[in-house]
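Some notes on the structure that comes next.
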Amino acid sequence: MAMFTANACGQQQQRSRFDSIQHVDEVFVTTRYNHKEVIPSQTLTGQQLEKLSAHTVADALRYFSGLQLKDYGGVGGIKTVNIRSMGTNHLGISYDGVELGNAQNGQIDLGQFSLDNVEEITLFNGQKSALLQTAGDFCHAGSVYIRTRAPRFAEGERYHFRLKTKYASSDMLRLSALWEQRLGRRLSSSLSAEALTASGKYRFRYRRKHQDGTVAYDTTAVRQNGDIWALRAEGNLHGMLAGGFWKWKVYTYHSERGIPGAIVNNVWRRGERLWDHNFFTQARWQQSFGQRFTTQAVAKYAYYQTRYVNRDTTQLQVDNTYRQQELFFSTSNVYQLLTPWSASLSYDLKWNKLKSNMRQFVEPDRLSHYLAIATALDIGWMKAQASLLGTYVKDHTRYGKPSDAFTAWTPAVFLHVSPLPVRDLSLRAYAKKSFRMPTFNDLYYTEMGNALLKPESALQYNVGLSYTHQWSRGLIRYFHLQADAYYNSVHNKIVAYPKGQQFRWTMLNLGRVHIKGIDVETELTLVPVDGLLVTGRLQYTWQQARDVTDPEDSYYRHQIPYIPWHSGSAILNVQYRGWDLNYSFVYAGERYNQQENIKYNYMQPWYTSDLSLSYRWRLRRWEMRVTAEVNNVFSQDYDVILNYPMPKRNYGLTFDVKL
């Protein structure tokens with residue numbers, strides 16, 4: 001039975017077979033538009049996410065190949081993600097079909113988004129190979145699509161309830177609740193809320209050497225000023241239409257956290273604190289008219305307030321507040337010209353404004369227009385898609401005349417071939433140009449901005465193959481393998497470095513960076529005996545990202561900062577009746593923390609192993625689940641970012657109840 005759900009349109013990828021019994025949910029046919037996948041993606045579903053020792057979206061993204069996570073440590077540490085060494089700003093983050101924006105610094109703190117209400121996370125390299133999407137979705141070098149849980153009710157059900165609590169190391173206590181209500185045959189609602197508190201304290205080893213190899217520091221200390229409290233709430237309305245659907249979402253997040261800062265010159269405490277008060281509301285409507293035409297409209301308003309305080313007596317005293325607003329509107333339209341041939345036209349309008357209590361702050365605002373045309377062809381053994389995106393951006397500041405407008409045209413071409421007679425094997429290739437403007441921070445901040453920054457552009461080339469097969473009986477039930485080789489050329493690359501404080505950065509153009517890489521992902525499901533299910537997932541990435549700006553530079557053709565040559569992850573899950581045993585492993589190879597690849601800037605490889613065991617049982621109508629976890633099992637000492645030590649071995653206990 002085919003299943004077409006409103007929020008799954010364009011995201012029907014291969015799933016892991018974690019359950020020996022497959023359940024078919026209630027079927028709603030919401031559109032006649034048939035999405036044609038051209039470039040396979042990487043996906044983690046809700047069941048897989050539950051088995052990982054992952055609390056936020058950022059934690060889950062560690063298990064995708066081609067991504068590098070910047071983690072500053074601890075429960076409340078800022079976490080951003082980078083795709084194929086091109087930078088955070090080249091990765092679009094979409095939350096239920098609408099992009100999460102941040103014109104202030106372009107970086108989405110994925111630690112603010114909990115996994116408790118997430119049903120699926122999908123990574124697309126290049127772009128999502130769909131026609132019915134916003135124009136901005138054609139802009140990025142890669143995209144992460146976060147899909148939250150949609151209410152599904154069996155016959156006679158009126159509501160669902162879920163309560164989850166977790167206590168872990170660093171005095172972390174997390175409480176979350178989810179309520180789903182059927183309001184009518186075509187209308188339902190959901191409300192989720194979460195509270196988090198933690199002291200952020202954890203033990204770490206601090207060991208540094210002089211250039212001559214002698215030991216400068218070697219001690220064990222406790223991380224300070226890493227406390228956090230956070231509240232998150234999200235409400236949704238889901239409506240079904242004849243040939244379509246609509247959704248309305250309200251989201252709010254509030255937090256206060258300490259910023260522990262870098263361990264430099266034997267300084268263990270910092271006086272930095274950060275407050276976030278975020279709110280957005282968004283609506284999405286999709287409708288099919290007849291057999292050939294489908295349209296979509298999206299609207300969003302967002303307000304983000306950030307307060308940064310630095311009371312460190314050894315540094316400049318700071319108490320600044322930043323207020324950011326965003327208005328977004330998009331329309332997308334797809335028309336089926338012939339049975340195998342479709343075309344689309346999309347337009348986005350975005351307005352961003354940033355204010356601050358800083359003296360003589362320029363209060364920039366930005367008006368952006370995106371216009372995308374795309375076409376797709378599907379003749380069975382071959383699928384192809386081409387798109388052209390036009391971007392027009394104009395800034396205006398409080399104390400100056402409007403800046404020069406920036407215009408860019410970014411084309412993309414994708415090809416997918418399934419050679420006969422091996423239907424399970426597919427080959428693909430794509431070429432794409434990406435463009436992104438410097439952020440407000442890049443351009444206008446007094447202590448970090450650089451008004452001379454140039455817009456950044458990238459050329460991407462990718463070839464790959466994929467093989468997937470399923471068996472209905474026998475030991476092996478599912479096997480999937482995909483591999484991609486790519487080459488990226490980034491011009492006027494913008495790089496941010498921490499400037500002694502985590503909230504303040506130094507910005508510069510590197511000029512030109514050449515990136516070569518290979519991504520490999522494989523998955524295998526075994527059923528040794530009835531009731532026993534074993535699933536393994538493995539990712540590996542090799543990357544060479546070199547600065548090729550100026551042959552006269554001492555770092556010419558050196559690996560750019562924080563990009564390892566080798567990285568990867570592995571997941572092993574064993575399921576037997578109500579028991580789940582999960583082991584996950586993350587590895588990052590040697591890398592350098594500055595532009596020059598010299599011994600002084602060298603960072604050793606690191607790896608972590610996480611282990612969890614859960615048991616699920618039923619008590620009348622209630623479904624119970626308890627999970628015990630041990631993270632960093634071997635208590636490895638490591639830094640993802642230099643001088644930001646990560647936690648050693650830590651523990652957690654979770655209790656989950658559903659009705």
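The values are calculated or read from the model by the stated rules, or taken from the named source; none is laboratory data. Because the structure is a prediction, the values reported are computed rather than measured. Here Cβ is always computed from backbone atoms with ideal geometry, including for glycine, and neighbour counts include all displayed protein chains. These area figures cover heavy atoms from the full protein model, side chains too; ligands, DNA and RNA do not enter into them. Shrake-Rupley method; radii C 1.70, N 1.55, O 1.52, S 1.80 Å.
Restricting attention to segment 252-265, which residues are touching a residue at least 40 places away in the same chain (Cβ under 8 Å) and within 17 Å of Tyr303 (Cα to Cα)?
Tyr253, Ser255
Is it the case that segment 420-429 has a residue that's at pLDDT below 90, of a type outside the set (A, V, I, L, M), in contact with a Pro (Cβ under 6 Å, 6 or more places away or on another chain) and open to solvent by less than 80 Å² (accessible area, probe 1.4 Å)?
no
Would you say Gly261 is out of contact with any Lys or Arg (no Cβ under 7 Å at 6 or more places or on another chain) and buried (at least 16 other Cβ atoms within 10 Å of the Cβ)?
no
In this structure, is Val495 open to solvent by less than 50 Å² (accessible area, probe 1.4 Å), under 23 Å from Thr541 (Cα atoms) and either at pLDDT below 70 or in contact with an Asp or Glu (Cβ under 9 Å, 6 or more places away or on another chain) (or both)?
yes
Which residues, taken from segment 387-405, are surrounded by 15 or more Cβ atoms within 10 Å (Cβ to Cβ) and part of a strand (DSSP E or B)?
Going residue by residue through segment 387-405, those that are surrounded by 15 or more Cβ atoms within 10 Å (Cβ to Cβ) are 387-391, 393-397, 403.
Those that are surrounded by 15 or more Cβ atoms within 10 Å (Cβ to Cβ) and part of a strand (DSSP E or B): Ser387, Leu388, Leu389, Gly390, Thr391, Val393, Lys394, Asp395, His396.
Tally time: how many residues in segment 309-330 are surrounded by 14 or more Cβ atoms within 10 Å (Cβ to Cβ) and without any contact (Cβ under 8 Å) to a residue 40 or more places away in the chain?
Residues in segment 309-330 being surrounded by 14 or more Cβ atoms within 10 Å (Cβ to Cβ) and without any contact (Cβ under 8 Å) to a residue 40 or more places away in the chain: 8 in total.
Could you list, in sequence order, all residues of segment 137-162 that are over 23 Å from Ile515 (Cα atoms) and open to solvent by less than 10 Å² (accessible area, probe 1.4 Å)?
Initial filter on segment 137-162 (over 23 Å from Ile515 (Cα atoms)): 145-162.
Across segment 137-162, the qualifying residues are Tyr145, Ile146, Thr148.
I'm trying to understand the selection: among the residues of segment 344-357, which are farther than 30 Å from Thr306 by Cα and open to solvent by less than 30 Å² (accessible area, probe 1.4 Å)?
The answer is Ser344, Ser346.
Tally time: how many residues in segment 563-582 are within 23 Å of Val81 (Cβ to Cβ) and either part of a loop (DSSP other than H, G, I, E, B) or of a type outside the set (Val, Ile, Thr) (or both)?
Result for segment 563-582: 9.
Residue-by-condition table, conditions (1) modelled with pLDDT of 90 or more; (2) farther than 29 Å from Gly136 by Cβ:
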residue	(1), (2)
Tyr399	no, yes
Leu415	yes, no
Ser418	no, yes
Thr439	no, no
Thr446	no, yes
His469	yes, yes
Gly474	no, yes
Tyr478	yes, yes
Gln482	yes, no
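Can you name the condition, by its number, that Leu377 falls short on among (1) open to solvent by less than 70 Å² (accessible area, probe 1.4 Å); (2) in a strand (DSSP E or B); (3) closer than 24 Å to Lys300 by Cα?
Unmet for Leu377, out of (1) open to solvent by less than 70 Å² (accessible area, probe 1.4 Å); (2) in a strand (DSSP E or B); (3) closer than 24 Å to Lys300 by Cα: (3).
Could you list all residues from segment 615-641 that are within 26 Å of the chain's Cα centre (by Cα), assigned to a strand (DSSP E or B) and among the hydroxyl-bearing types (Ser, Thr, Tyr)?
Within segment 615-641, just Thr627 meets the criteria.
For every residue, the table says whether it meets (1) hydrophobic (A, V, I, L, M, F, W, C); (2) over 29 Å from Pro645 (Cα atoms); (3) touching a Lys or Arg at 6+ places or on another chain (Cβ under 6 Å).
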{"site": "Val38", "(1), (2), (3)": "yes, yes, yes"}
{"site": "Gly46", "(1), (2), (3)": "no, yes, no"}
{"site": "Tyr72", "(1), (2), (3)": "no, no, no"}
{"site": "Ile83", "(1), (2), (3)": "yes, no, no"}
{"site": "Ile93", "(1), (2), (3)": "yes, no, no"}
{"site": "Asp109", "(1), (2), (3)": "no, no, no"}
{"site": "Glu120", "(1), (2), (3)": "no, yes, yes"}
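Being at positive phi and open to solvent by 80 Å² or more (accessible area, probe 1.4 Å), is that true of even one residue in segment 358-366?
Checking segment 358-366: at least one residue is at positive phi and open to solvent by 80 Å² or more (accessible area, probe 1.4 Å).
What residue, among those in segment 564-602 that are over 25 Å from the mean Cα position of the chain (by Cα) and hydrophobic (A, V, I, L, M, F, W, C), is least open to solvent (accessible area, probe 1.4 Å)?
Among those that are over 25 Å from the mean Cα position of the chain (by Cα) and hydrophobic (A, V, I, L, M, F, W, C), it is Val574.
From the list Thr294, Thr306, Thr252, which one is touching a His at 6+ places or on another chain (Cβ under 9 Å), of a type in the set (Val, Ile, Thr), open to solvent by less than 20 Å² (accessible area, probe 1.4 Å) and in a strand (DSSP E or B)?
Just one listed residue meets the conditions, Thr306.
Any residue that is within 28 Å of Leu44 (Cβ to Cβ) and among the hydroxyl-bearing types (Ser, Thr, Tyr) - is there at least one of those in segment 568-578?
The answer is yes, given that some residue of segment 568-578 is within 28 Å of Leu44 (Cβ to Cβ) and among the hydroxyl-bearing types (Ser, Thr, Tyr).
Residue-wise test of (1) in contact (Cβ under 8 Å) with a residue 60 or more places away in the chain; (2) touching a helix residue (DSSP H, G or I) at 6+ places or on another chain (Cβ under 9 Å).
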site: Asp404; (1), (2): no, no
site: Thr410; (1), (2): yes, yes
site: Pro421; (1), (2): no, no
site: Ser426; (1), (2): yes, no
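Return the only residue of Gln336, Gln385 being of a type outside the set (D, E, K, R) and under 25 Å from the mean Cα position of the chain (by Cα).
Gln385
Within segment 270-286, work out how many residues are under 24 Å from Tyr347 (Cβ atoms) and either in a loop (DSSP other than H, G, I, E, B) or open to solvent by 20 Å² or more (accessible area, probe 1.4 Å) (or both).
4
Scan (1) at positive phi; (2) buried (at least 16 other Cβ atoms within 10 Å of the Cβ) for the single condition Ser614 breaks and write down its number.
The single condition Ser614 does not satisfy is (1).
Would you please name the residue that is surrounded by the fewest Cβ atoms within 10 Å (Cβ to Cβ), looking only at residues in segment 509-537 that are among the polar types (S, T, N, Q) and closer than 20 Å to Leu481 by Cβ? First the steps, then the outcome.
Taking segment 509-537 and keeping what is among the polar types (S, T, N, Q), we get 509, 522, 525, 535.
Within this subset, residues satisfying the condition of being closer than 20 Å to Leu481 by Cβ are 522, 525, 535.
Numbers: Thr522: 16, Thr525: 22, Thr535: 22.
This residue is Thr522.
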